[in-house]
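The values are calculated or read from the model by the stated rules, or taken from the named source; none is laboratory data. Note that the coordinates shown come from a computational prediction; the quantities given were computed from them, not determined experimentally. Here the Cβ positions follow ideal geometry from the backbone for every residue, glycine too, while neighbour counts run over all protein chains shown.
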Amino acid sequence: MTDLNKRGWLQGGLLMGAGALSACAAPGTAQPGRPAATPFELPHTTVPVATADGQPLAFPVRRIYCIGRNYAAHAREMGSDPSREPPFFFQKPSDAIQYVAPGTVADHPYPSLTRNYHYEVELVAALHRGGRDIPIDRALEGVYGYALGLDMTRRDLQRGMGDQKKPWEIGKSFDHSAPIGPIHPVARTGHYTQGTIWLKVNGQIKQQATLNHMIWSVAEQISRLSEAFELFPGDIIYSGTPENVGPVVRGDLIECHIDGLPELSLRIV
């Protein structure tokens with residue numbers, strides 16, 4: 001049975017209310033049934049939602065999941081056989097988000113420690129329902145909306161750690177490594193199952209495919225993820241990149257596109 005739970009929203013409400021509640025408590029004292037005071041507050045990562053009336057609305061990000069090698073040609077260029085490989089996932093911290101407003105060119109800092117910094121354009125699915133062991137035929141019920149995103153990668157660090165058989169988090173999970181545009185609610189756009197996805201660097205096409213070239217659909221990704229993790233509202237999924245990933249350097253302009261979503265543009269600085 002699917003657990004389309006509400007606990008995630010309740011937990012989110014408790015967390016967001018913690019600051020207000022702690023203000024009523026004397027320092028160092030615990031209040032029955034209330035969160036303890038904290039020594040400082042942390043910002044909560046959100047992504048703007050594209051609303052019909054233009055009123056501000058923000059999607060709270062709980063956790064970022066990413067699927068690896070989800071387009072066959074990209075799997076082959078990374079040295080894998082897509083016909084035999086089951087889906088695999090990794091995570092980025094929620095504060096890796098860099099929001100990029102439509103119609104703007106955002107400055108994106110070239111990160112430290114790398115000499116081989118790669119782009120990966122992706123469709124992003126944002127969840128408003130969670131659960132465990134979600135069947136594929138119900139998985140899309142949990143999708144609140146979609147966005148255009150980039151999984152930026154310190155490729156030399158990722159490969160170097162992989163060669164040493166060590167976790168390659170340092171290649172994927174760093175500051176600003178998850179640029180994203182606004183989230184577009186499914187109620188307005190429907191689900192993105194086909195359409196062109198492309199990326200340009202300095203006006204030249206580097207990546208180009210269609211969303212139906214994914215090996216594992218968004219519904220299949222949600223279902224598989226829910227076997228390994230309990231999913232919650234606020235989780236987002238970067239759904240994989242087409243072939244021809246490659247490097248950028250300072251001064252390069254990245255432009256990204258998925259049919260039906262506003263384009264996303266970055267300048268590497």
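Quick check on the stretch 149-170. Is at least one of its residues under 20 Å from Pro60 (Cβ atoms) and among the β-branched types (Val, Ile, Thr)? There is no residue in the stretch 149-170 that is under 20 Å from Pro60 (Cβ atoms) and among the β-branched types (Val, Ile, Thr). Would the stretch 124-133 turn up any residue that is surrounded by fewer than 23 Cβ atoms within 10 Å (Cβ to Cβ), closer than 21 Å to Gly240 by Cβ and in the same structural domain as Val61 (by TED's automatic domain parsing)? Within the stretch 124-133 (the criterion being surrounded by fewer than 23 Cβ atoms within 10 Å (Cβ to Cβ), closer than 21 Å to Gly240 by Cβ and in the same structural domain as Val61 (by TED's automatic domain parsing)), the answer is no, since none of the residues qualifies.
Residue-wise test of (1) on the phi > 0 side of the Ramachandran plot; (2) more than 19 Å from the chain's Cα centre (by Cα).
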| position | (1), (2) |
| --- | --- |
| Gln164 | no, yes |
| Ile170 | no, no |
| Ser173 | no, no |
| Val186 | no, no |
| His191 | no, no |
| Gly195 | yes, yes |
| Val201 | no, yes |
| Gln208 | no, yes |
| Gln221 | no, no |
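Among the residues making up the stretch 37-71, those that are at pLDDT 95 or above and not in a loop (DSSP other than H, G, I, E, B) are Thr46, Val47, Pro48, Val49, Ala58, Phe59, Pro60, Arg63, Ile64, Tyr65, Cys66, Ile67.
When both residues are 6+ apart or on different chains and their Cβ atoms are under 8 Å apart, which pairs have a first residue that lies in the stretch 98-124 and is of a type in the set (D, E, K, R), and a second that is assigned to a loop (DSSP other than H, G, I, E, B) and crowded, with 18+ Cβ neighbours inside 10 Å? Hits for this filter: Glu120/Asp151; Glu120/Met152; Glu120/Thr241; Glu120/Val245; Glu122/Asp151; Glu122/Ser239; Glu122/Gly240; Glu122/Thr241. Residue by residue through the stretch 179-200, note down the ones that are in contact with a Phe, Trp or Tyr (Cβ under 7 Å, 6 or more places away or on another chain), touching a residue at least 60 places away in the same chain (Cβ under 8 Å) and of a type in the set (A, V, I, L, M). Correct list: Ile180, Ile183, Leu199.
Scanning the stretch 205-218 for residues that are hydroxyl-bearing (Ser, Thr, Tyr) and closer than 26 Å to Thr46 by Cβ turns up nothing.
Given the options Ala106, Ala58, Ala73, name the one that is of a type in the set (Gly, Ala, Ser), within 26 Å of Ile258 (Cα to Cα), in contact with a Leu (Cβ under 8 Å, 6 or more places away or on another chain) and assigned by TED's automatic domain parsing to the domain that holds Val249. Selected residue: Ala106, the only one of Ala106, Ala58, Ala73 that is of a type in the set (Gly, Ala, Ser), within 26 Å of Ile258 (Cα to Cα), in contact with a Leu (Cβ under 8 Å, 6 or more places away or on another chain) and assigned by TED's automatic domain parsing to the domain that holds Val249.
Of all the numbered requirements in (1) farther than 18 Å from Val61 by Cα; (2) hydroxyl-bearing (Ser, Thr, Tyr); (3) touching a Lys or Arg at 6+ places or on another chain (Cβ under 6 Å), Ser173 misses one, and that requirement is (1).
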